[in-house]
Amino acid sequence: MQVTRRNFLKIATAICGVAATGGLAIFDYVSCIPFFKRKSSSQRGFCPFCGLNCALIIHYRDSVITAVEAEKSSFESGGRLCPKAHMIPFLANQKSLRELGVIRYADSNGFENRSYSTLLGECAELIHATREESFAIDRSGLKANNCESIAVVVGDSVSCEDAYVINKFSRVAGLTRVGTEALIKHEAAATALRATYGIAAQTNPHYDIKNSDLIVVIGSNPVRTSPMQLVAITEARKRGALLVVIDPVLSETAKIADIHLAIRPGTDLVLLCGLIRYLLHNDSIDKEYLRDNTDAPFLVNESFRVDSNGNFSGFSGEGKEYDTLTWSYIIDERGNPKTDYNLKRSNCVFQILKNNYSQYTPDRVMNRTGISSDLFLHVAGELAASSRPAKSCSFLFGGGLTESAGAQGVRAVSVMQLLCGNIGIAGGGLYGINNSANQQGISDQIGGWNCFPGYLPLPDSEKMENDYDLYIRNNSHKSNDFSVSHFWTGFKGYFESLMHCWFPDEDAKAVFDMLPRTSSGYNWSQLLNDIDAGTIKGLTLFEADLFNMPVPRERLKSALKKLSWIIMFETFPGDFSRYIGGTSFSKDTTVIIVPLPAFPSASLHFVSSERRFIAKKGLSLRQKSLPGIALALQGVAKKMIALQKLKGGVFSEPIVRCAWNYSSVKSVAKEMAGYSREQTVETVAEDSENKKENFHQPPYFCGNWLYADLIGSKSLLKRDSAPQQSLLRNTDRCWPAGAQVLFNNAGVIFKDGEPRHAKSVAVEDNAAITGQRARRRPFYFNKDGVAYLFARKMKSGPIPLGSLTVLPEIQESSYLLFGSDYGEADMAQKYKYYREYFPEDFLLMHKDAARDGGFVNGDYVSVKTAEGFTRLPLYVTDRIADKRYVKIAGSASRELLYSQDIKQGRSKFPVVVSVQKEASRGR
Amino acid sequence: MAGEKSILIDSSRCCGCNSCYFSCKSWNSLPLSGGANKTDGDRSTVEDFRPQNWLVVRSSSDSESWSISPELCHHCSDAYCVKSCPVKAISYQSGWVVTDYDTCIGCGACTMACPYGAVKVHRADSRGFLQKGIAYKCDGCSVNYSSTPACVTNCPTGALQYDYRMKLIQKALKRVADLKKRYPEAHLTGLTEHRGENVLKIHTVSSDKQKISFDNSLIRTVNGLFSTVSIFTRTGSAAYGFSGKLYRLLHFVVTGKKIS
């Protein structure tokens, strides 16, 4: 109804009448929040507790948050809130929020308050002094330009802008030890996804699950990690979709599932291999899709072999790295891989897969995994059905898969989805479940230990990348295939745009000479060793909790005492900072704690796990005057410049010449999104509409090429007003180039660009775009434009093969340990409120095993492995598949289970442990 | 009588995410109960009704027929709590059974009378919204003038539904018939119990496992006694307190148990 003056009067009269007669019944539809809470201002925002980032409205009054409620039109959750979202008032209202900066000098007893700017000055002094001591222009003959004695660890709740500025600050100062907590949880999956698709990101948006016909959840429990994912799952099931959960424990998700495959822990990979064999040998694959969009027709070097133990050619002994020389395609004279589009030759990738998976017969798989043949065949049949046209299957995987099968688990899932032709279409795709909200956004800024924003690698010292042209040539892969137009072709543009932002007055070549060099392959246990050995003298933490590091905690604690300083940026004290501030910590270490605004009072951008930009404005709450990390670091950088100018120092050019002129968080966001030299702020938004297709040339200034032109300056710090429910391309703030479904060109026929079937996302596009789609390979992050079934970049083998050997018998009082509820446990450690939901870590044990071992529910037990031990309460259940297994729910298992192999290959999983009853109850 | 609209709890759809529990807390400004109460390896449940827990999530730990479901006041049409209240503080409000906090004297008669244990008296010191010596229970979010109860709004799987009663009953009976294949003991409650309850519930396990602890004869005695007592006690607030004390004394004498 159109609102006219007359209508308005009518309505107003009616409302008054109803109010007078019917009393307060009028609020039936007016109110969304309790009456007694409503005398407050409200603002739109989003939830910072998982990758879904549900839209919500925050109500506040007198600098206190009174309530949160879901936005009714929220497409993430459909107007619902999960338990975690109700923690938001607690974030800003709690008393322990830090408002004052404190410092504890070495050899002094207590913390002293300092003004904010003095504190930043102290930070600058410390960083400057350590950098002066250990900055090296050469390291063992190789150009280095780096300082390896300061480590930076970024937590998983910082915003995109903050992560961007942290990366800028660190690289400009020559720091190379920059890690993120997102790396801990994400690295194995990211390795696998990069090796297959060229980029690590979730392919489809969450609400797209409702278009699936089969939903497989493996190694994850969405009910706990992101409950609102169930909204889309429930919608899909109403349409008749099947929910299959693969989990050794009857989890909450498994309870409501149609089929629960209770496999033995650690046998995920074998099950997946069995399913792949079923697909290949029953010809339930999408051959047209394979020919056009994957490397299935590529011919592989003829000397590539797989031996009977599952080792690939180039094997040089247990525990050593492969020689990957034979893992290559045969190249024709133009530099493109040779192909066999009939998929018949014995050395084409398709036949190699078929041969190597033939050993995973249903019998063997059932023997190893312990599931019944009916169930296996049922699931395999359903999966095969999803390879048919207009059918799709979505895979949701979590930490459980990477924990038990390493990166190869995610590889197996990717291969399966490619065989069924489920990538790039509606209702298909892979969903990595993110426990932390901005995991994708932080990874985009800090993709690894050696990355600039936007996954651009630092110059490699071992590859002798001292020449600018060599560096560009090494990183911008050009294909000679006319049909391939991939994003890395524009590497030079991305790099130069970034450097224009950082050093506006310099020539790119001159800048290149100032940048730090690094060699790849740093990891968390090396970090621990370096701290222990005293190589790393200072540690800078941004909302990070080092206790989340996958290393033994006691060793970490003893190593930390050798540091000479720690700078912590944090909102409120967590377990780690209580330990650092406590009496048991070394008195020889200078500790600086810089306060940060809590999530509700900060203005920021996040990137949700579906690669969507979301923003919120800060509320004027208690900490309004505090700047965020971005501006604080700018302060530190300016003080460092002053120090360099005053005292002089080694290699001061990059620091002195770097531009620091951010006036607010908004200006950082603007720099990330990019703008041209001539552009004024007003014209950015208009121009960005036309530029989305033209991706290889970001604007002159662009901090992160992935975000180029996605956020116009008008829409900075605003949430989308009209959420998109359709999967249209170029309508949304998803990177790259607004694609909501990544690689959506896979949904069209290669020759003419016509949609392949009804699930093709291109169906929704207009004709003009459809024409452009013809003869374009969809996987634009890979050199060949196709997805790799045969992933040469995986160091543990190009094909995911599970081990069929049966586990040895274990002794009487020993058990096999598994478990990965880290996300929940981390939340519970960080936020007191969450303990209502997850009170403490505990050990799950099978009823029969408890009876045999003489354990009673609620006993305290000690769990011992070869490497460590922990004390936990015991809960007896019969929801575990096998009585030989025990599971730790909580972060204690990370120390006991984690091994570095997880990144590339198989971990030593599950671990044999002994469980013993403790005499006393309680800790 | 049951109201026009009702809640349906479908325990076969409930996954135990606790969204209902937390949204109830948030909506009604109830304080936290300080750590979920966990037994038998279930970490998805909050077991007890308390003055600040108007809705709890209960779970049975049989893996064969593992059932999780939210439990709240059933809003009976013939409610024992309403009958037992000496000061008529509990009443029917368009199908919901609602406490009037200003009238309540905290005697605890309702806590004894309720077969589900869904109403509790706040005995501790006043804390936020909760006042000392007042009985608290679920009010179906009716006093907050919401169109849908908060627990229903926030349920992601459709385990909680709110709709016209007749529609819901049809839906529920159909669902039960479907469920019989997988759960032979599936059944619907709330149609006839206590002359119809405003909260219908689909169970997947038999109700023998439910905890129902009340004694009809005791209730009847108490009711008779209090309808007499309340005539006298209506005159002054001091007498209200006396009535509660008298009730608790009598209860102690009759049953030998103190009221919490």
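The values are calculated or read from the model by the stated rules, or taken from the named source; none is laboratory data. All of these numbers come straight from a predicted model, not from anything done at the bench. All Cβ positions, glycine included, derive from the backbone under ideal geometry; neighbour counts span all protein chains shown.
Take A:Cys393 and tell me if it is of a type outside the set (Phe, Trp, Tyr) and touching a helix residue (DSSP H, G or I) at 6+ places or on another chain (Cβ under 9 Å). Give the derivation first.
Working: of a type outside the set (Phe, Trp, Tyr): yes; touching a helix residue (DSSP H, G or I) at 6+ places or on another chain (Cβ under 9 Å): yes.
Yes.
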Taking region A:201-258 and keeping residues more than 30 Å from A:His846 (Cβ to Cβ) and acidic (Asp, Glu) leaves A:Asp208, A:Asp213, A:Glu235
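Hey, among A:Asn146, A:Asn167, which residue is crowded, with 23+ Cβ neighbours inside 10 Å, out of contact with any Asp or Glu (no Cβ under 8 Å at 6 or more places or on another chain) and farther than 27 Å from A:Pro600 by Cα?
Numbers: A:Asn167 fails: farther than 27 Å from A:Pro600 by Cα.
Result: A:Asn146 is the single residue among A:Asn146, A:Asn167 that is crowded, with 23+ Cβ neighbours inside 10 Å, out of contact with any Asp or Glu (no Cβ under 8 Å at 6 or more places or on another chain) and farther than 27 Å from A:Pro600 by Cα.
Residues in region A:275-294: is at least one farther than 28 Å from A:Leu742 by Cα, in the same structural domain as A:Ser372 (by TED's automatic domain parsing) and outside any strand (DSSP E or B)? Explain how you work it out, then say what you get.
Here is the first cut: in region A:275-294, the residues farther than 28 Å from A:Leu742 by Cα are A:281-282.
Now restrict to residues that are in the same structural domain as A:Ser372 (by TED's automatic domain parsing): A:281-282.
The next check asks that each one be outside any strand (DSSP E or B); those that pass are A:281-282.
The answer is yes; a qualifying residue exists.
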The correct count of residues that are among the polar types (S, T, N, Q) and surrounded by 24 or more Cβ atoms within 10 Å (Cβ to Cβ) in region A:268-302 is 2
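Enumerate the strands (runs of 3 or more DSSP E) found wholly within region A:538-626, keeping only those where 2 or more residues are within 30 Å of A:Thr203 (Cβ to Cβ) and within 27 Å of the chain's Cα centre (by Cα).
On the way: elements: A:538-542, A:565-570, A:590-595, A:604-607, A:613-616.
By residue number, A:604-607, A:613-616.
Check region A:588-598 and report whether any residue there is among the small types (Gly, Ala, Ser) and buried (at least 24 other Cβ atoms within 10 Å of the Cβ).
Of region A:588-598, the ones among the small types (Gly, Ala, Ser) are A:598.
From what's left, buried (at least 24 other Cβ atoms within 10 Å of the Cβ): A:598.
Yes: region A:588-598 contains one or more residues that are among the small types (Gly, Ala, Ser) and buried (at least 24 other Cβ atoms within 10 Å of the Cβ).
Answer with yes or no whether B:Cys155 is part of a loop (DSSP other than H, G, I, E, B), closer than 19 Å to B:Asn18 by Cβ and either modelled with pLDDT of 85 or more or in contact with a helix residue (DSSP H, G or I) (Cβ under 6 Å, 6 or more places away or on another chain) (or both). Spell out how you get there, then give the answer.
Numbers: part of a loop (DSSP other than H, G, I, E, B): yes; closer than 19 Å to B:Asn18 by Cβ: yes; either modelled with pLDDT of 85 or more or in contact with a helix residue (DSSP H, G or I) (Cβ under 6 Å, 6 or more places away or on another chain) (or both): yes.
Yes; evaluated as a whole, the condition is true for this residue.
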Run B:Thr99 past the list (1) crowded, with 20+ Cβ neighbours inside 10 Å; (2) within 30 Å of A:Thr877 (Cβ to Cβ); (3) among the polar types (S, T, N, Q) and report the number of the one that doesn't hold.
-> (2)
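Residue check: is A:Val349 closer than 21 Å to A:Gly785 by Cα, among the aliphatic types (A, V, I, L, M) and buried (at least 23 other Cβ atoms within 10 Å of the Cβ)? Full working, then the answer.
On the way: closer than 21 Å to A:Gly785 by Cα: yes; among the aliphatic types (A, V, I, L, M): yes; buried (at least 23 other Cβ atoms within 10 Å of the Cβ): yes.
When the stated conditions are applied, A:Val349 passes them.
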Complete set of residues in region A:444-453 that are of a type outside the set (A, V, I, L, M, F, W, C) and either farther than 29 Å from A:Glu671 by Cα or surrounded by fewer than 24 Cβ atoms within 10 Å (Cβ to Cβ) (or both) = A:Gly447, A:Gly448, A:Asn450
Looking across region A:47-103 at residues that are free of Cβ contacts under 8 Å to residues at least 24 places away in the same chain and in contact with a Leu (Cβ under 7 Å, 6 or more places away or on another chain), the single one that is nearest to A:Ser601 (Cα to Cα) is A:Val68
Please verify whether region A:99-114 includes one or more residues that are in contact with a Phe, Trp or Tyr (Cβ under 6 Å, 6 or more places away or on another chain) and surrounded by fewer than 22 Cβ atoms within 10 Å (Cβ to Cβ).
-> yes
Restricting to region A:66-79, what's the tally of residues that are in contact with a helix residue (DSSP H, G or I) (Cβ under 7 Å, 6 or more places away or on another chain) and surrounded by 22 or more Cβ atoms within 10 Å (Cβ to Cβ)?
-> 4
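Show me the strands (runs of 3 or more DSSP E) entirely contained within region A:847-892 in which 2 or more residues are within 14 Å of another protein chain (Cβ to nearest Cβ).
Answer list for region A:847-892: A:869-877, A:885-889.
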How many residues does region B:49-76 contain that are over 13 Å from the mean Cα position of the chain (by Cα), of a type in the set (S, T, N, Q) and farther than 16 Å from B:Leu8 by Cβ?
-> 5
Pairs only if they're at least six apart or on different chains, beta carbon under 9 angstrom, first in region A:146-165 and on the phi > 0 side of the Ramachandran plot, second at pLDDT 95 or above and surrounded by fewer than 24 Cβ atoms within 10 Å (Cβ to Cβ); list them, first residue then second.
-> none
Read through the list (1) at pLDDT 80 or above; (2) over 34 Å from the mean Cα position of the chain (by Cα), then give the number of the only condition that A:Arg923 fails.
-> (1)
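If you check B:Thr111 against the conditions, is it more than 14 Å from chain A (Cβ to nearest Cβ), under 21 Å from B:Pro31 (Cβ atoms), without any contact (Cβ under 8 Å) to a residue 60 or more places away in the chain and not acidic (Asp, Glu)?
On the way: more than 14 Å from chain A (Cβ to nearest Cβ): yes; under 21 Å from B:Pro31 (Cβ atoms): yes; without any contact (Cβ under 8 Å) to a residue 60 or more places away in the chain: no; not acidic (Asp, Glu): yes.
No: the conditions fail for B:Thr111.
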When both residues are 6+ apart or on different chains and their Cβ atoms are under 7 Å apart, which pairs have a first residue that lies in region A:450-470 and is more than 12 Å from A:Arg517 (Cα to Cα), and a second that is crowded, with 18+ Cβ neighbours inside 10 Å and of a type in the set (S, T, N, Q)?
-> A:Pro453/A:Asn167; A:Pro453/A:Gln445; A:Pro453/A:Asn704; A:Gly454/A:Asn704
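Residue check: is A:Ser308 more than 30 Å from the chain's Cα centre (by Cα), over 30 Å from A:Pro778 (Cα atoms) and hydroxyl-bearing (Ser, Thr, Tyr)? Full working, then the answer.
Working: more than 30 Å from the chain's Cα centre (by Cα): yes; over 30 Å from A:Pro778 (Cα atoms): yes; hydroxyl-bearing (Ser, Thr, Tyr): yes.
Here the answer is yes, as A:Ser308 does meet what is asked.
Please specify each residue of region A:164-214 satisfying the condition of being charged (D, E, K, R) and touching a Cys at 6+ places or on another chain (Cβ under 7 Å).
Across region A:164-214, the qualifying residue is only A:Asp213.
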Reported set for region A:219-239 where residues are at negative phi, away from chain B (no Cβ under 12 Å) and under 17 Å from the mean Cα position of the chain (by Cα) is A:Ser220
Check whether at least one residue in region A:167-176 is charged (D, E, K, R) and not in a strand (DSSP E or B), and report yes or no.
-> yes
